[in-house]
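The values are calculated or read from the model by the stated rules, or taken from the named source; none is laboratory data. The model shown is predicted, which means the values in this text are computed figures rather than measured ones. Positions of Cβ are backbone-derived with ideal geometry, glycine not excepted, and every protein chain shown enters the neighbour counts. Areas reflect the complete protein model, heavy atoms only, side chains present, ligands, DNA and RNA absent. Shrake-Rupley method; radii C 1.70, N 1.55, O 1.52, S 1.80 Å.
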Amino acid sequence: MLKLSYTPFALQFKHPFGLAYGTRTTTEVVFVRIECDGFVGYGEAALPPYLGETQTSVVEFLYKANTILKKYALPFLLEEIITAIDATAPNNNAAKACIDIALHDLLGKYVNKSVYSILNLEKPQPQNTSVTISIGDLNLIPEKLLELNDYHVLKIKLGNKNDRQIIECIRMHTDKPLVVDVNQGWTDKHVALEMIQWLHTQNVLFVEQPLPKDNYNDMVWLKERSPIATIADESMQRFSDMNEISDCFHGINLKLMKCTGLYEAVKIINYAKEKGLKINIGCMSESSCGIAAAAQLMQHADWIDLDGPLLVKNNPFGGINFTEGKLQLSNSTGTGATLADKNLEFIAL
Ligand code: MG
């Protein structure tokens, strides 16, 4: 029987995380493990507040999912299990993702294969990941840049009144390529276009979610005029959103926590390729558990933004490393994530 257990955890940021809608110092997560015949798979649900899920809602969903998991003796029928769990309740995307990740990890370990190979994906090679530089006090920017010296692409959160000042300050200290995430922070399409045209002169590779998420008409207008790629984040959660957003953006920010996990992520990647959409593989603030799963998809992406573990100071998982700015997977089976903090106590359902 597939045995599910979980543990709630709070990831602590090295630096408070500044966004268009406020500042945070921690992110709540729930880690799960699914065990079968002595093999163990790990998964993670990362729960930034704007997603609307909490540790309580995840645990409630795990009880529902467990009624399905209990029916299976082995982890082989992933599509059937994941589809049945998805149907037990709407939403709960991160809760669904932690189970999906743990099941893929478990199956990989059970059959002695990596998850990318189970999913018929190309073997992930070490790749540059962008890393978010948190913006608070502009005077601290030189110090933060020094800390991120190994990384070749920097992600900047904009969407405030001092956007130009932030970029100008960064450009005084580095000419590294930037990616920009506006988090829906600009509301006027003309102002957005003007900003994007200026950002184009500042070596910015793409702009993520420049306008509010339901503003589809203005995003089509902006896509036609923007000299750099516009990327859907908040506008796109699951595979079912892909049709609607494919005319509105040049690409998508694919995150396991939004799309319910690896099973659906592969469907999204295939669809995006068919439509000529660019793919950024992104993450929430996550430990190496979630990132090792997302990294299975790396070879199929245009950009990688999997910096979660770099931003937290109490990551309880290992199994991936960041060398000279490149994210690298271990050669282990499953996702490769390993539990480093042996004090984590999992609660059985
Ligand atoms: Mg974003």
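Numbers for the structure displayed
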{"item": "Only one of I81, I34, I101 that is buried (at least 18 other Cβ atoms within 10 Å of the Cβ), over 17 Å from A292 (Cβ atoms) and either modelled with pLDDT of 95 or more or touching a Gly at 6+ places or on another chain (Cβ under 8 Å) (or both)", "result": "I81"}
{"item": "Whichever residue in segment 37-54 is outside any loop (DSSP other than H, G, I, E, B) and open to solvent by 20 Å² or more (accessible area, probe 1.4 Å) and, among such residues, is modelled with the lowest pLDDT", "result": "Y50"}
{"item": "Check on Y63, open to solvent by 60 Å² or more (accessible area, probe 1.4 Å), touching a residue at least 40 places away in the same chain (Cβ under 8 Å) and over 26 Å from M236 (Cα atoms)", "result": "yes"}
{"item": "Selection count where residues are within 16 Å of the ligand (Cβ to nearest atom) and either more than 14 Å from the chain's Cα centre (by Cα) or part of a helix (DSSP H, G or I) (or both), scope segment 292-309", "result": "3"}
{"item": "Per-region count, segment 223-259, residues among the charged types (D, E, K, R) and either within 16 Å of the ligand (Cβ to nearest atom) or in contact (Cβ under 8 Å) with a residue 40 or more places away in the chain (or both)", "result": "6"}
{"item": "Of all residues making up segment 218-256, the number that are touching a strand residue (DSSP E or B) at 6+ places or on another chain (Cβ under 8 Å), within 21 Å of V179 (Cα to Cα) and assigned to a helix (DSSP H, G or I)", "result": "4"}
{"item": "Those residues of segment 104-116 which are open to solvent by less than 50 Å² (accessible area, probe 1.4 Å) and among the hydroxyl-bearing types (S, T, Y), in sequence order", "result": "S114, Y116"}
{"item": "Residue match in segment 208-222 (condition: away from the ligand (no atom under 13 Å from the Cβ), open to solvent by 70 Å² or more (accessible area, probe 1.4 Å), at pLDDT 95 or above and under 26 Å from E53 (Cβ atoms))", "result": "yes"}
{"item": "Number of positions in segment 117-168 that are closer than 22 Å to E194 by Cβ, open to solvent by 20 Å² or more (accessible area, probe 1.4 Å), of a type outside the set (A, V, I, L, M, F, W, C) and touching a residue at least 60 places away in the same chain (Cβ under 8 Å)", "result": "2"}
{"item": "Scope segment 295-308; condition in contact with a strand residue (DSSP E or B) (Cβ under 7 Å, 6 or more places away or on another chain) and more than 16 Å from E208 (Cβ to Cβ); matching residues", "result": "A295, L297, M298, H300"}
{"item": "Residue among S117, S57 that is in a helix (DSSP H, G or I), farther than 20 Å from F346 by Cα and out of contact with any helix residue (DSSP H, G or I) (no Cβ under 6 Å at 6 or more places or on another chain)", "result": "S117"}
{"item": "Filter result for L205 (in the same structural domain as N280 (by TED's automatic domain parsing), open to solvent by 20 Å² or more (accessible area, probe 1.4 Å) and aliphatic (A, V, I, L, M))", "result": "yes"}
{"item": "Y263 in contact (Cβ under 8 Å) with a residue 60 or more places away in the chain and of a type in the set (F, W, Y)", "result": "yes"}
{"item": "From L205, L193, residue being at pLDDT 95 or above and within 16 Å of the ligand (Cβ to nearest atom)", "result": "L205"}
{"item": "Filter result for I156 (part of a strand (DSSP E or B), out of contact with any Cys (no Cβ under 6 Å at 6 or more places or on another chain) and in the same structural domain as M284 (by TED's automatic domain parsing))", "result": "yes"}
{"item": "Subset of segment 266-286 that is within 16 Å of the ligand (Cβ to nearest atom) and in contact (Cβ under 8 Å) with a residue 40 or more places away in the chain - its residue that is surrounded by the fewest Cβ atoms within 10 Å (Cβ to Cβ)", "result": "K278"}
{"item": "Residues of segment 170-186 classified as within 13 Å of the ligand (Cβ to nearest atom) and in contact with a strand residue (DSSP E or B) (Cβ under 7 Å, 6 or more places away or on another chain), total", "result": "5"}
{"item": "L277, sole failed condition from (1) at pLDDT 95 or above; (2) within 29 Å of F9 (Cα to Cα)", "result": "(2)"}
